[in-house]
Amino acid sequence: MNTLQKSMSALLIAGCFLTLPVWAADKAAGEQKAAMCAGCHGAGGKSANAQFPNLAAQQPAYIVNQLKAFKSGSRTSSMMAGMAASLSDDDMANLAAYFADQPAAKAGGDAALAKVGKDKAAMCLGCHGEAGAGNGQFPRLAGQQPDYLVKQLTNFKDGSRKASHMQAIAATLSEDDMKALAAYFGSL
């Protein structure tokens, strides 16, 4: 076996173990726990409020990582910190499994802006997956609330939300670029 094959095999095995807790999660327990999320994120994770993200069909690893970040304080939101504070690792995995299993939401977006955003979206798809469906630790953007996406890009740009790769990308975007990308991903 050559070095490349050995490396790929090791990555595949590691990937299986890194996602195992979400695979072993209890979706029914997650559905019960999700009742506390519905006020902001909507039934089944489909938010009707542009301030709050859709969680339906979101990447489970991303949900777990964000809940842990809110709980630890490395991502700030007084509301989410309070919600995440009482969650165990099992609760987080169960919630992630439940939301990941829900049908995807489609938030919509301005059609003219979405056309402009489609032309700019290629820079996002390398991490966020084909058609913005998400990719492991990188969140699903497809069907997301456009206003929420603009807010997050703004937060990355001004440094109030930390992630070096997203901060670097957001630094290159104008407000119009952000709105166009958000409209495009919201329309998927």
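Computed from the coordinates by the stated procedures, all read-outs in this text should not be read as laboratory data. Nothing here was measured: the structure is a model prediction, and the numbers come from that model. FYI the Cβ positions are ideal-geometry reconstructions off the backbone, even for glycines, and counts take in every protein chain you see.
Data overview
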read-out: Per-residue HN-Hα couplings for the stretch 103-114 [Karplus 6.51, -1.76, 1.60; θ = phi - 60°; Hz; x = Gly/Pro]; value: x, 4, 8, 9, 7, x, x, 4, 4, 5, 5, 4
read-out: Whole-Å semi-axes of the ellipsoid equivalent to the stretch 19-104 (Cα gyration tensor, √5λ, descending); value: 17, 16, 11
read-out: By average C-beta atoms within 10 angstrom, highest first, the peptides 70-82, 30-42, 88-100; value: 88-100, 30-42, 70-82
read-out: Net length gained if the chain between M36 and Q137 were fully extended (0.36 nm per residue, minus Cα distance); value: 34.0 nm
read-out: Difference of contour (0.36 nm per residue) and Cα-Cα distance, A112 to A163; value: 15.4 nm
read-out: Debye log10 I(q)/I(0) at q = 0.20, 0.22, 0.25 Å⁻¹ for the stretch 106-188, Cα point scatterers; value: -0.82, -1.00, -1.29
read-out: Which of T154, T172 has the fewest Cβ neighbours within 10 Å, and the rest in rising order; value: T172, T154
read-out: Extreme residue, positive dipole direction of the chain, given options A93, S164, Q66 (C-beta unit charges); value: S164
read-out: In the stretch 80-173, trypsin sites (Lys or Arg not before Pro) in a DSSP loop with at most 14 other beta-carbon atoms within 10 Å; value: K162
read-out: Calculated diffusion of the chain, Stokes-Einstein form, Kirkwood radius summed over Cα pairs, 4 °C and 1.567 mPa s, µm²/s; value: 75
